[in-house]
1. Looking at (1) open to solvent by less than 70 Å² (accessible area, probe 1.4 Å); (2) free of Cβ contacts under 8 Å to residues at least 40 places away in the same chain, which is the only condition Arg29 fails?
2. If Arg252 satisfies all but one of (1) open to solvent by less than 20 Å² (accessible area, probe 1.4 Å); (2) over 24 Å from Thr502 (Cα atoms), what's the number of the condition it fails?
3. Using the structure shown, decide if Ile52 is modelled with pLDDT under 90, closer than 27 Å to Ile124 by Cβ and in a helix (DSSP H, G or I).
4. Any residue that is assigned to a loop (DSSP other than H, G, I, E, B) and more than 16 Å from Gly158 (Cβ to Cβ) - is there at least one of those in the range 85-92?
5. Got at least one residue in the range 215-229 being under 21 Å from Gly333 (Cα atoms) and among the hydrophobic types (A, V, I, L, M, F, W, C)?
6. Somewhere in the range 364-376, is a residue buried (at least 19 other Cβ atoms within 10 Å of the Cβ) and farther than 18 Å from Leu409 by Cα?
7. Could you tell me whether Tyr83 is hydroxyl-bearing (Ser, Thr, Tyr), touching a helix residue (DSSP H, G or I) at 6+ places or on another chain (Cβ under 7 Å) and closer than 27 Å to Phe204 by Cβ?
8. Please return the ranges of helices (runs of 4 or more DSSP H) entirely within the range 435-527 where 3 or more residues are open to solvent by less than 80 Å² (accessible area, probe 1.4 Å).
Amino acid sequence: MTTVEDVPAGANDARGRVAELHAIREQVRRGPSERATEAQRAKGKLTARERIELLLDEGSFNEVEPLRRHRATGFGLEAKKPYTDGVITGWGTVHGRTVFTYAHDFRIFGGALGEAHATKIHKIMDMAIQAGAPLVSLNDGAGARIQEGVSALAGYGGIFQRNTKASGVIPQISVMLGPCAGGAAYSPALTDFVFMVRETSQMFITGPDVVRAVTGEEITQNGLGGADVHAETSGVAHFAYDDEATCLEEVRYLLSLLPANNRENPPTVPCEDPADRSGDALLDLVPADGNRPYDMRKVIEEIVDDGEFLEVHERWATNIICALSRLDGRVVGIIANQPQSLAGVLDIEASEKSARFVQMCDAFNIPIVTLLDVPGFLPGVSQEHGGIIRHGAKLLYAYCNATVPRISLVLRKAYGGAYIVMDSQSIGADLTYAWPTNEIAVMGAEGAANVIFRKQIAEADDSEAMRVRMVKEYKSELMHPYYAAERGLVDDVIDPAETRHTLIRALEMLRTKHADLPARKHGNPPQ
């Protein structure tokens, strides 16, 4: 390990001192050793500086405290005092906008967090909050530095406290590029978005060895906490990619859709896709028969600018879609039921996924467009025992609490409590629209007729014929496409081909919306 003492000082003048400085900076840039770098690459991983180069605009990185070294002693630490102390911190730009970042350097102490290491992270987090700019953490660390004892644990506490302070103030993005175990995993969990890379990144509270010792279960690190597990099963990861370069490019794309902080609006871009473009294809994409499935993603593609959107949690709770996109160059958040998965019902996971997304959009001034085709909440013992009441209430609370522009559109079914929860007019949607294929009701006609006309059906000579007749009567009386509009529960029934133009005009009107919540310290949302 090269130290200041190892660098030739040269003449005792300014030029000699500058030469010494450049030599030290070069050592900082290279890192601990070629052997350590080769070991990192042998695992299929980039170095911390290579990752920062991919994240930030070329030549924009400004490093903070590159010469920092730990002051710990004991267990041989006094003989190992590398520059940076295993974490690179600083700021740069992404698409010309300021972004703060820190990156664990696994080549130094396995990226483990010690006191000096933590202090550097605390400082860059404070700078990001004060500057009102996003923070991206590039995580590749072995947890707390055991040799430094409780000081390392206290360092994590300072990170968690700042994650919480920054929540809803600046965008926080965690990129998992290696291991993240134990208490360290709670920092990503406190941030807005988590990215993971398959095979090389894992997150878990207790690793496979502990699981084996306590429960007897045999499992690999990836099987316990790999990217696919967290993207599909746990919902911890919002995005998962095959390689680091693709992952970091997608982080850059996400940042282009977010404001710098909660006092700004997301960036607007020029749009060549006409605002009044007709969506005739929508007439064929969505079957009028409410029992026939279709891909809601195709609907979103037809409506948004150039058919482009970024889906969040694409592989978890697939019965609902949460996506960021643009309409006429302005960022919107889209929440939509997915009829291809569980018929688009709401369940525990879908409620949690969409509630968090609503909160994120509201925190960062992103208008919300909700596309409804929902037959209700998923029935079942497991759902009731799992707390669908409180989990469904999370989505209800998030919508009711949101002050950004909110527009809802009913494509087909909108039944029961799920209709109310999915940003109906009654819980504060600014504008509500429906297609002429809409069915807004307490429940489906078949179920309703069986309840309301149970006695008549049972007493009829031909009970099936009577049931069919009653279903038809219920539909004609209470479920025709204009029933809700006639009662002011939707603002208009629109031609599907006019959806894009209608949404864009409505969002333009709502752009100056201002709404205040009652004075309070904070709400107490359902958990």
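1. (1)
2. Among (1) open to solvent by less than 20 Å² (accessible area, probe 1.4 Å); (2) over 24 Å from Thr502 (Cα atoms), Arg252 violates only (1).
3. So Ile52 fails the test.
4. No, the range 85-92 contains no residue that is assigned to a loop (DSSP other than H, G, I, E, B) and more than 16 Å from Gly158 (Cβ to Cβ).
5. no
6. First pass over the range 364-376, keeping only residues buried (at least 19 other Cβ atoms within 10 Å of the Cβ): 364, 366-376.
If we keep only those that are farther than 18 Å from Leu409 by Cα as well, we get 364.
Yes - at least one qualifying residue is present in the range 364-376.
7. Working: hydroxyl-bearing (Ser, Thr, Tyr): yes; touching a helix residue (DSSP H, G or I) at 6+ places or on another chain (Cβ under 7 Å): yes; closer than 27 Å to Phe204 by Cβ: no.
In short, no.
8. 445-452, 463-478, 483-486, 499-510
The values are calculated or read from the model by the stated rules, or taken from the named source; none is laboratory data. Keep in mind the model is a prediction, meaning the values are calculated, not measured. We place every Cβ from the backbone using ideal geometry, glycine too, and count neighbours over all the protein chains shown. SASA here: full protein model, heavy atoms, side chains in, ligands and nucleic acids out. Shrake-Rupley method; radii C 1.70, N 1.55, O 1.52, S 1.80 Å.
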